[in-house]
Amino acid sequence: MKISTKGRYGLTIMIALAKNYGDKPIPLKSIAADYELSEHYLEQLIAPLRNERLVKSVRGAKGGYLLTREPKQITAADIIRTLEGPIRPVEEMDDEEPAKRELWKRIRDAVKDVLEQTTLEDLAEYDQDLYQEEYMFYI
């Protein structure tokens, strides 16, 4: 399964909102600037996330977007399914050999399990941990 830029940038938006959970709304312009992404493209991605009630918008000068649930209640699978569709590594073929069908099923289930078990909280904390590492140098 290959995740397109829709899925990758959608995860970026959601991780940014997760890091800010419980605080003021974040405008897409800010996320686009922070991650050097196209604001116009992010606007296209936020609509399906809003339609699935993963985010909500706040209008006005101090407006932007907020998560609708706690980051620990939203999985990577929720986001990927919303933006990419069903999770499957290959199109299923009726004439496929049973052994191959079983392999594709196992791969699908493994990917699905990882996405379902990974929450936005996990991703936000992991991302923050990367930037908070301290290095010690010895001479």
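For this structure, a couple of remarks:
- Here's the picture: charge each Lys and Arg Cβ at +1 and each Asp and Glu Cβ at -1 in the chain, and of LEU66, MET14, THR119 the one pushed furthest to the positive end of that dipole is LEU66.
- Relative to the dominant Cα principal axis of the chain, helix 120-131 is inclined by about 60°.
- Amide H contacts of THR68 (H built 1.01 Å from N, in plane; Pro and chain starts excluded): VAL55, LYS56 sit under 5 Å, all sequence-distant by 5 or more or on other chains.
- In this structure, the residue pairs whose Cα-Cα separation is over 32 Å, taken from LYS56/LYS112; LYS2/LYS62; LYS24/LYS105; LYS6/LYS72, are LYS2/LYS62; LYS24/LYS105.
- Packing-based exposure ordering (other Cβ within 10 Å, fewest first) of TYR21, TYR9, TYR126: TYR126, TYR21, TYR9
- Extension gain for LYS72 to ASP23 (0.36 nm times residue separation, less C-alpha to C-alpha distance): 16.0 nm.
- (1) 12.2; (2) 8.5; (3) 8.9, with the label sought being that of the calculated mean projected area of the Cα convex hull in nm²: (1)
A short reminder: the numbers here are calculations on the coordinates, not readings from a lab. Since the structure is predicted, the reported quantities are computational estimates derived from the model, not experimental observations. All Cβ positions, glycine included, derive from the backbone under ideal geometry; neighbour counts span all protein chains shown.
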